[in-house]
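This report concerns only the one structure given below.
The values are calculated or read from the model by the stated rules, or taken from the named source; none is laboratory data. On a predicted model such as this, the values are computed, not experimentally measured, just so you know. Note: ideal-geometry Cβ built from the backbone for every residue, glycine included; neighbour counts use all protein chains shown.
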Amino acid sequence: MKTQQKKSVSRRATPWDGLNAENLTPMQGYLRTLYHKGYDDHHKTLAEMNDAELFNAYVPNSCPYCGQQKFIKYGKYGTGLIRYKCKECGRSFNITTGTVFEDHKLSVGEWIQYLLNLFDFVSLNSDSKNNRNSFTTSRYWLEKVFLVLDGYQDTIVLSGTVWLDETYYSVRKEDIIRNPDGTQLRGLSKNQLCIGVAKDKRKIYCIYEGNGKPSNEDTLNAFQDHIAALSTIIHDSEGSHDTLINKLSLNAETYRSEDLKKLDDIDNPLDPVNKLHNLLKIFLDSHSGFLRDHIPGYLNLFAFIMNPPSNKLKKVELFLEMAIRKRASLRYRDFFKAIKIEETDEEECDG
């Protein structure tokens, strides 16, 4: 398949850039000036947004290079960030070293609207247009979000009454596996990503179980560390749940799929998890061209969105606190050197 690097277009550009004022009509000059002003107002410098003041309020837990906790303040960088020097390895660093904010060029303030858009299921294309950032910046930041949230669901353990069910999401059209005669595989085939979703009365947990119908081992591996023993599980008659139920000594309320299909949502015992399935598909559809290899990152993000806190600004606060503290960095040039972006791979629908 032919691939092409997606061209990044500056959101600051107007059709009249580079022209002298005398060569512009009054309307063209007005539009260019007003548009540039709007862009510049939205893209304040790091100094204007007091990023250094924010970061300097945090003290590193350890040296990002050797892990030792013996370091001293050692002046400041030109950005205003406090410089620290490790007494063990002798290297200098600041609070952002080794994090997704290392060497950041755009203010942390821009992350607020970016994250709010992600939490509202806004596509990357729409986000980049609305916030006048390049698509590549939005895609790069999404990869940083995945890094910060890597492992986010590891400690989630559901208990009490737990609703559990699988849903399926198709592979991309170009990745569909066909029979030798060209016809598509039938049923729950390798062309369907199986995503297990479970929730209790407080939190949700979702995980990629593989392609096609899950096995007993798939379901056990997916959920055995995330559902407390002796909980009550409400599920359909999916056979792959049996081993999990026995392993954790779960109390089971089992309903036949055929019977559930006849019920209205309000009467369906699995409605709480079915609602999550619908929301998950809306969320994934807003990033419809994504590489399916990235599904774990998207599921971590979806779980973060759906779990407490419910207030989106508090969720932004939680994420930024995690990002400042977590050792997970990704340089812009390294990211785009490592991944070739196909036009169809990274096209996001505006839904």
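Looking at N23, N56, N50 in this structure, which one is loosely packed, with under 15 Cβ neighbours inside 10 Å and either at pLDDT 75 or above or out of contact with any Gly (no Cβ under 9 Å at 6 or more places or on another chain) (or both)? Just a single option satisfies the conditions, and that option is N23. Can you find a residue that is over 30 Å from S329 (Cβ atoms), free of Cβ contacts under 8 Å to residues at least 24 places away in the same chain and in a loop (DSSP other than H, G, I, E, B) anywhere in region 165-176? Yes, the conditions are met somewhere in region 165-176.
Here is a yes/no grid of residues against (1) under 29 Å from the mean Cα position of the chain (by Cα); (2) among the β-branched types (V, I, T); (3) within 15 Å of C194 (Cα to Cα); (4) not assigned by TED's automatic domain parsing to the domain that holds K190:
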residue: P214; (1), (2), (3), (4): yes, no, yes, no
residue: S231; (1), (2), (3), (4): no, no, no, no
residue: I234; (1), (2), (3), (4): yes, yes, no, no
residue: K247; (1), (2), (3), (4): no, no, no, no
residue: L260; (1), (2), (3), (4): no, no, no, no
residue: N268; (1), (2), (3), (4): no, no, no, no
residue: D271; (1), (2), (3), (4): yes, no, no, no
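Tell me, please, whether a residue that is more than 25 Å from the chain's Cα centre (by Cα) and surrounded by fewer than 13 Cβ atoms within 10 Å (Cβ to Cβ) can be found in region 193-208. So far as region 193-208 goes, no, none of its residues is more than 25 Å from the chain's Cα centre (by Cα) and surrounded by fewer than 13 Cβ atoms within 10 Å (Cβ to Cβ). The set of residues from region 59-81 being under 18 Å from R327 (Cα atoms) and touching a residue at least 24 places away in the same chain (Cβ under 8 Å) comprises V59, P60, N61, C63, P64, Y65, C66, L81.
Given the structure, is F302 aromatic (F, W, Y) and either in contact with a Pro (Cβ under 8 Å, 6 or more places away or on another chain) or within 23 Å of K201 (Cβ to Cβ) (or both)? Yes, satisfied.
Which one is modelled with the highest pLDDT, of the residues in region 97-136 that are buried (at least 21 other Cβ atoms within 10 Å of the Cβ) and polar (S, T, N, Q)? Ranking the qualifying residues of region 97-136, first place goes to T99.
Restricting Y255, Y298 to those that are closer than 30 Å to T96 by Cα, of a type outside the set (V, I, T) and touching a His at 6+ places or on another chain (Cβ under 8 Å) reduces the list to Y298. Of the residues contained in region 236-249, none is found to be under 21 Å from Y152 (Cβ atoms), touching a residue at least 40 places away in the same chain (Cβ under 8 Å), buried (at least 21 other Cβ atoms within 10 Å of the Cβ) and in contact with a His (Cβ under 9 Å, 6 or more places away or on another chain).
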